[in-house]
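Asks: The following block contains the structure, expressed as structure tokens.
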Amino acid sequence: MLNQKIILPIISFSVLLLIWELVTRFSGWSQQVFPSPLMVLISFQELIVNGELLKHAVASLFRVSIGFFLAVILGIPLGIILGRIKIVHLLLNALIQFLRPISPLAWIPLAMLWFGIGDVPAIFLIFLSSFFPMVVSTSVAVEAIKPTFFQVAANFNLSRYEILTKIVIPAITPQVITALRISITIAWLVVVAAEMIAVQSGLGYMILDSRNALRMDYVMVGMIAIGIIGLALDFIMQSLSQIESTAWGRFTK
Amino acid sequence: MSHIKIKNLQKSYIDRRRVSRSKTKDNSKASQGIAILNDINLEFEKGEVVCILGPSGCGKSTLLRMIAGFEKPSAGEVLVNNKPVTGPHADSIFVFQHSGLLPWMTVWENVELGLRHLEPVARKVAIQEHIDLVELTRFEHLYPYQLSGGMQRRAELARGIAVNPDTLIMDEPFSGLDFLTHMKIREEVVNMHELIKKTTLIVTHDIDDALIMGDKIIVLSGRPATVKLEKNLNFGRPRNLAENLELRELRDELFFMLGVSYAV
């Protein structure tokens, strides 16, 4: 079982590499247009050694961390309030549903105008991209809490504060972890796009800059780095659901 | 003075579709809604085990929920120790039909729920004592999903008894259990009652449960429910349904009253 978990992904990655290698050999495209896996590997090593890749990756991760963190610490409480207080739900829900489908990328012109060039507009866009999914998922999770649990709380005379800490927060934790996974992926998608426009560093900038220099091997290094980091971010978020006190969510319906 | 007194209790739910359809005029019918309980009058003594039978959907659970304070009567009132019930309270602990344990808490933390105001040392002793009482020793730190159905019922029972309530209110406490576990948990509820003598209200659809456990049997009619039978069972325990002729006659009577023939 464990072997399968390791071997099967290795097979799919190997097949991808093989197809890539075959296409570069037989498509007739030059290495400049479609670099081979080996060439990309060499460039990868080059960019690691000279520190460029690390520098850009750190810049991207920094923006994602700040933007995502702000979205989480503001989005979850707002989601809880929306889920618990009907009047606030009526007041804000339509507004949120109106703003939510506007792609964060549509905000780029305004973000640049308001915040200039640099980290702030990128962070703002990342914040927008994960804030709405966090709010909506959290409020849906709160509304889905079984009435029985609130009756138990009333039966044992729990205070409003205790209802929040002993009922609401633990009850929504499994769904919130799922929302974190989805949001971090969206945030990571958006950071690359934001960096192509608003800033002079980060993996998105590196890809754009390499394109301008016609270095498709560097472009592909950037893409691969984005994929690897995205995989790692999802893994971190997923491992939250392995924590014992949230494991019930996988077994209880 | 009786412990729990139910006076002219009525409950109806508003049918929203009918209300919206009828708009302004002819509101009288709509506002009456769907009648669930109709003029229920009952009295329960302290320490009694009361078993409530009735056809499914007749409002047995609704009656329990109003005694527990989860729902408000449409008319009439429920008095506990001569005071009207205004809302849920730790004096009347409700044991839910499908587990009322909080799934994100271990058995220990669930039992702690009603004991959280005690000093740490006393709290620890009390929690352990009640876990031991329901024979869940060594399972304290498991989560509900890691327990069998019977163990979950026992854990919920321990949590309820730990707050030393005046009344235990059980909504079909044996539903969903296999036959042997059903018998076992029923026996434990009876033994527990011998020990602590709390007023215990049990909704069940199992006639044998009522005959084995009840000091009093209530039969409700179909919706809107009225009290069809109120009978005291003056038999000691343990009771043997196979040997006790009176109980067997009563069983036939109850089957007949609930609209099924015992002998098929």
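The values are calculated or read from the model by the stated rules, or taken from the named source; none is laboratory data. These numbers come from a predicted model, not from an experiment. Cβ placement follows ideal geometry from the backbone for every residue including glycine, while neighbour counts extend to all protein chains displayed. Side chains included, ligands, DNA and RNA excluded: accessible areas come from the protein's heavy atoms. Shrake-Rupley method; radii C 1.70, N 1.55, O 1.52, S 1.80 Å.
Asks: Could you list, in sequence order, all residues of segment B:41-56 that are open to solvent by 10 Å² or more (accessible area, probe 1.4 Å) and out of contact with any Gly (no Cβ under 8 Å at 6 or more places or on another chain)?
Replies: B:Asn41, B:Glu43, B:Glu45, B:Lys46, B:Gly47, B:Glu48, B:Ser56
Asks: When residues of segment B:86-120 are filtered for being outside any helix (DSSP H, G or I), open to solvent by less than 30 Å² (accessible area, probe 1.4 Å) and either farther than 23 Å from B:Gly150 by Cβ or facing chain A (nearest Cβ under 7 Å) (or both), how many remain?
Replies: Summing the residues that are outside any helix (DSSP H, G or I), open to solvent by less than 30 Å² (accessible area, probe 1.4 Å) and either farther than 23 Å from B:Gly150 by Cβ or facing chain A (nearest Cβ under 7 Å) (or both) in segment B:86-120 gives 10.
Asks: Scan segment B:90-129 for residues that are among the basic types (Lys, Arg) and closer than 20 Å to A:Asn157 by Cβ and jot them down.
Replies: Those that are among the basic types (Lys, Arg) and closer than 20 Å to A:Asn157 by Cβ: B:Arg116, B:Arg123.
Asks: When the residues of segment A:216-251 are filtered to those that are hydroxyl-bearing (Ser, Thr, Tyr) and surrounded by fewer than 15 Cβ atoms within 10 Å (Cβ to Cβ), which remaining residue is nearest to the other protein chains (Cβ to nearest Cβ)? Walk me through how you get there before you give the answer.
Replies: Applying the first criterion (hydroxyl-bearing (Ser, Thr, Tyr)) to segment A:216-251 yields A:218, A:239, A:241, A:245-246.
Applying the additional criterion that residues be surrounded by fewer than 15 Cβ atoms within 10 Å (Cβ to Cβ) yields A:239, A:245.
Working: A:Ser239: 18, A:Ser245: 6 Å.
Going through the qualifying residues, I end up with A:Ser245.
Asks: If you don't mind, another one. Under 9 Å by Cβ, and 6 or more places apart or on different chains, what pairs join a residue from segment A:139-164 that is closer than 19 Å to A:Gly249 by Cα and in contact (Cβ under 8 Å) with a residue 60 or more places away in the chain with one that is surrounded by 15 or more Cβ atoms within 10 Å (Cβ to Cβ) and of a type in the set (D, E, K, R)?
Replies: The qualifying pairs are A:Ser139/A:Arg84; A:Val142/A:Arg84; A:Glu143/A:Arg84; A:Leu164/A:Arg84.
Asks: Would you pick out the residues in segment B:124-147 that are open to solvent by 60 Å² or more (accessible area, probe 1.4 Å) and within 14 Å of chain A (Cβ to nearest Cβ)?
Replies: B:His141, B:Tyr145, B:Gln146
Asks: From the residues in segment B:66-85 that are part of a loop (DSSP other than H, G, I, E, B) and within 14 Å of chain A (Cβ to nearest Cβ), which one is least open to solvent (accessible area, probe 1.4 Å)? Explain how you work it out, then say what you get.
Replies: Initial filter on segment B:66-85 (part of a loop (DSSP other than H, G, I, E, B)): B:69-74, B:81-82, B:85.
Now narrow it down to the ones that are within 14 Å of chain A (Cβ to nearest Cβ): B:69-72, B:85.
Details: B:Gly69: 7, B:Phe70: 38, B:Glu71: 34, B:Lys72: 129, B:Val85: 45 Å².
Filtering first and then ranking leaves B:Gly69.
Asks: Of (1) touching a Leu at 6+ places or on another chain (Cβ under 8 Å); (2) crowded, with 17+ Cβ neighbours inside 10 Å; (3) not hydrophobic (A, V, I, L, M, F, W, C), A:Asn93 satisfies all except one. Which?
Replies: Among (1) touching a Leu at 6+ places or on another chain (Cβ under 8 Å); (2) crowded, with 17+ Cβ neighbours inside 10 Å; (3) not hydrophobic (A, V, I, L, M, F, W, C), the lone unmet condition for A:Asn93 is (2).
Asks: Among the residues of segment A:174-184, is any within 14 Å of chain B (Cβ to nearest Cβ), farther than 25 Å from B:Ala158 by Cα, touching a Pro at 6+ places or on another chain (Cβ under 9 Å) and not basic (Lys, Arg)? Can you show your working first?
Replies: Here is the first cut: in segment A:174-184, the ones within 14 Å of chain B (Cβ to nearest Cβ) are A:174-177.
The next check asks that each one be farther than 25 Å from B:Ala158 by Cα; those that pass are A:174-177.
The next check asks that each one be touching a Pro at 6+ places or on another chain (Cβ under 9 Å); those that pass are none.
Taking every residue of segment A:174-184 in turn, none turns out to be within 14 Å of chain B (Cβ to nearest Cβ), farther than 25 Å from B:Ala158 by Cα, touching a Pro at 6+ places or on another chain (Cβ under 9 Å) and not basic (Lys, Arg).
Asks: What is the one condition in (1) touching a Ser or Thr at 6+ places or on another chain (Cβ under 9 Å); (2) of a type in the set (Gly, Ala, Ser); (3) surrounded by 22 or more Cβ atoms within 10 Å (Cβ to Cβ) that B:Ala35 does not satisfy?
Replies: (3)
Asks: (1) in a helix (DSSP H, G or I); (2) under 30 Å from A:Gln31 (Cβ atoms); (3) touching a residue at least 12 places away in the same chain (Cβ under 8 Å): which one isn't true of A:Ala194, the others all being true?
Replies: So the condition that A:Ala194 fails would be (2).
Asks: Select from segment A:38-66 the residues that are open to solvent by less than 60 Å² (accessible area, probe 1.4 Å) and over 29 Å from A:Arg181 (Cβ atoms) and write down the one among them that is nearest to the chain's Cα centre (by Cα).
Replies: A:Gly51
Asks: Go through the residues of segment A:160-176 one by one and say whether even a single one is among the small types (Gly, Ala, Ser) and farther than 30 Å from A:Gln242 by Cβ.
Replies: No.
Asks: I've got another one for you. Right, A:Gln200: farther than 18 Å from A:Ile126 by Cα and out of contact with any Phe, Trp or Tyr (no Cβ under 8 Å at 6 or more places or on another chain) or not? Before you say what the answer is, go through the steps one by one.
Replies: Working: farther than 18 Å from A:Ile126 by Cα: no; out of contact with any Phe, Trp or Tyr (no Cβ under 8 Å at 6 or more places or on another chain): yes.
Criteria not met by A:Gln200.
Asks: Which of the following residues is buried (at least 18 other Cβ atoms within 10 Å of the Cβ), at pLDDT 95 or above and within 22 Å of the chain's Cα centre (by Cα): A:Thr138, A:Thr173?
Replies: On inspection, the qualifying residue turns out to be A:Thr138.
Asks: For segment B:153-177, enumerate the residues that are part of a helix (DSSP H, G or I) and either closer than 20 Å to B:Gly214 by Cα or within 11 Å of chain A (Cβ to nearest Cβ) (or both).
Replies: Once the filter is applied, which keeps residues that are part of a helix (DSSP H, G or I) and either closer than 20 Å to B:Gly214 by Cα or within 11 Å of chain A (Cβ to nearest Cβ) (or both), segment B:153-177 yields B:Arg153, B:Arg154, B:Glu156, B:Leu157, B:Arg159, B:Gly160, B:Ile161, B:Ala162.
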